[in-house]
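One structure below.
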Amino acid sequence: MKLSEDHIERRLAERKASGTYRTLKPESTLVDFCSNDYLGFARSSALKNKIQRELNSLPQALNGSTGSRLLSGNLTYTEDLEQQVAAFHNSEAGLIFNSGYDANVGLFSSLPQRGDTIITDELIHASIIDGARLSYANRYTFRHNDLESLESKLKQAKGNCYVVIESVYSMDGDTPPIVEILKLTKKYNAYLIVDEAHAVGLYKRGLTCALGLEDRIFARIITFGKALGCHGAIVLGSNLLRNYLINFARSFIYTTAASIHQIASTKMAYELLQQSDEVIARLTDNISLFQQNIKHNTAYPLLKSDSAIQCLLLNSSEKAKQMATHLQNAGLDVRAILSPTVPQGTERIRICLHAYNTVGEIFLLTKTINELINAE
C-alpha cells in the first residue's frame, strides 16, 4: 500500500510542478463560453418538456435498463431510435453506445485486426487513440490535415487500412480536407472513418452530409452530448458493421445499457433538431460576429476555424491560465487548455460560441480579449 501511495504522490507532485495539475470545479454562474452546448439544448426548457411528455407516454418503462443489451437491457424503443437516427444521417444502420468514448473505444479496439493498419490525424480525440491502442493493428499518425504526410503513411499500410479523422477538431475547431482525403483513401483502397462529434448542430446532419459525402465513408461517429444536449453516441455504417459491433465491441457487450430516460432524451433532441433552423442560423451569426470583432495578433494568433470552437494560441500554460482568469473575472466562462491535453507550446484559451450567446456578451468577450492582448 505504501509503495502505491508513494507512486501516486510522486506523479501528482510532478503534475503540480509542471503547472498542469487539474481539479474539478462546480458549475459556473458566468456567461457560458466554455461548454459544448452549441445550440442550447442542454438548457432548453422546450427539450425538457418534450422529454417529460415522452416519458409520461411510457408508464411501463423501468427506471434502469437492468442489464446489457445482449441480456435484459435491449428495447424495441432503442432499436427504433437507432433506425431513425441512421435515416436522419443518411446511413443504412447504426448502433447506440453509452457515450462517445465507449463508441470510439468499441469501434477501434474491435474492427482492425492484427496485420491491419490504423492511420489517424495527430490531433485525433483521446478516445480514438485509446481504442486503437487496444487493437492489435499497426498504428500511424499523420501531420494535422497534411495530405502528403497521410499519403506517406498510406504507402506503408498493410492489411485492411482505416484512416481516421474528425470533421471538426475538438481543440482547434478546424475542418480537414475531406474530399482530398477520400481521393487518397480510394487510391490506396483504405476505409475512411469520421468522428462528427463537434460538427452535428452547426451542420444539421453533420459535415459529411452537408458535403454529400456520406455514401463514401465507411463509418461515422455521432455523439449526443454536444449540440444535442444529451448523452450517448451512435456508430453509423452498414448493417454488417452494426452486427459486427454487437458481437465484438467490448464497450457495448460488457456494459449496462442506457436507461430509457437517456434514450428518450436523445429521441426528443432529434425531434427538436429538425425544427431548429433558426437556432442554427443564430449560432452561425454569432461565430461571424466573434470573428469580425476579435483583433488578430501574430504573437497570439486565432486558429483558423469556421466552427463554434475558436482558439487563441498563447503558447504557454501560464499565459493561458492568466488570460482565462482575467476573462472569468470579467464574468466570462472561458477556460485555459493546457498540456498534456494539447501539445506543450500550444496552450490556448478555447472559446465555445453558442446560439444563446447575446450580441452584448460577444462584444464584451472580444473587447476584453483585445484589451488583454494590447496590454502585452
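Details
- Any chance LEU39 is assigned to a loop (DSSP other than H, G, I, E, B) and touching a Ser or Thr at 6+ places or on another chain (Cβ under 7 Å): yes
- Among the residues of the stretch 273-308, those that are touching a residue at least 12 places away in the same chain (Cβ under 8 Å) and aliphatic (A, V, I, L, M) comprise LEU273, VAL279, ILE280, LEU283, ILE287, LEU289, ILE294, ALA299, LEU303, ALA308.
- Screening GLU27, GLU54 for residues that are modelled with pLDDT under 95, surrounded by fewer than 20 Cβ atoms within 10 Å (Cβ to Cβ) and acidic (Asp, Glu) leaves exactly one candidate, GLU27.
- Number of the exception - THR358 against (1) over 22 Å from the mean Cα position of the chain (by Cα); (2) closer than 19 Å to LYS226 by Cβ: (2)
- Residue tally, condition in a loop (DSSP other than H, G, I, E, B) and under 23 Å from ILE253 (Cβ atoms), over the stretch 64-98: 15
- Residue match in the stretch 308-322 (condition: at pLDDT 95 or above, under 23 Å from the mean Cα position of the chain (by Cα) and part of a loop (DSSP other than H, G, I, E, B)): yes
- Residue in the stretch 120-132 that is assigned to a helix (DSSP H, G or I) and more than 22 Å from ILE181 (Cβ to Cβ) present: yes
- Residue in the stretch 137-146 that is among the polar types (S, T, N, Q) and open to solvent by less than 10 Å² (accessible area, probe 1.4 Å) present: no
- Residues in the stretch 346-367 that are among the β-branched types (Val, Ile, Thr) and either touching a residue at least 60 places away in the same chain (Cβ under 8 Å) or in a strand (DSSP E or B) (or both): ILE349, ILE351, VAL359, ILE362, THR366.
- Filter result for SER65 (in contact (Cβ under 8 Å) with a residue 24 or more places away in the chain, open to solvent by less than 30 Å² (accessible area, probe 1.4 Å), more than 26 Å from HIS354 (Cβ to Cβ) and of a type in the set (Ser, Thr, Tyr)): yes
- Only one of the numbered conditions (1) surrounded by 16 or more Cβ atoms within 10 Å (Cβ to Cβ); (2) more than 22 Å from LEU30 (Cβ to Cβ) is violated by LYS319, and that is (2).
- Screening LYS226 on (1) in contact (Cβ under 8 Å) with a residue 12 or more places away in the chain; (2) in contact with a strand residue (DSSP E or B) (Cβ under 6 Å, 6 or more places away or on another chain) shows it passes everything except condition (2).
- Qualifying residue in the stretch 104-123 (condition: in contact with a Ser or Thr (Cβ under 6 Å, 6 or more places away or on another chain), open to solvent by 10 Å² or more (accessible area, probe 1.4 Å) and free of Cβ contacts under 8 Å to residues at least 40 places away in the same chain): yes
- Neighbours by Cβ (under 8 Å, 6+ apart or cross-chain): first from the stretch 232-251, over 15 Å from ASP102 (Cβ atoms) and open to solvent by 80 Å² or more (accessible area, probe 1.4 Å); second polar (S, T, N, Q) and modelled with pLDDT of 95 or more: none
- Looking across the stretch 328-345, the residues that are surrounded by fewer than 20 Cβ atoms within 10 Å (Cβ to Cβ) and assigned to a loop (DSSP other than H, G, I, E, B) come down to ALA330, GLY331, SER339, PRO340, THR341, VAL342, PRO343, GLN344, GLY345.
This table checks each residue for (1) under 23 Å from the mean Cα position of the chain (by Cα); (2) open to solvent by 30 Å² or more (accessible area, probe 1.4 Å); (3) touching a residue at least 12 places away in the same chain (Cβ under 8 Å).
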| site | (1), (2), (3) |
| --- | --- |
| ALA13 | no, yes, no |
| THR23 | yes, yes, no |
| ALA46 | no, yes, yes |
| THR76 | no, yes, no |
| SER91 | yes, no, yes |
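- Hits in the stretch 256-306 - residues which are open to solvent by less than 20 Å² (accessible area, probe 1.4 Å), closer than 30 Å to THR346 by Cβ and among the small types (Gly, Ala, Ser): SER305
- Check on GLY225, surrounded by fewer than 22 Cβ atoms within 10 Å (Cβ to Cβ) and touching a His at 6+ places or on another chain (Cβ under 6 Å): yes
- Criterion: open to solvent by less than 60 Å² (accessible area, probe 1.4 Å), in contact with a helix residue (DSSP H, G or I) (Cβ under 6 Å, 6 or more places away or on another chain) and of a type in the set (Asp, Glu) - qualifying residue of GLU166, GLU180, GLU151, GLU196: GLU151
The values are calculated or read from the model by the stated rules, or taken from the named source; none is laboratory data. Worth saying up front: this structure is predicted, and the values here are computed from it rather than measured. As a convention, Cβ positions derive from the backbone with ideal geometry for all residues, glycine included, and neighbour counts pool all protein chains shown. Heavy atoms of the whole protein, side chains included, go into the accessibility calculation; ligands, DNA and RNA do not. Shrake-Rupley method; radii C 1.70, N 1.55, O 1.52, S 1.80 Å.
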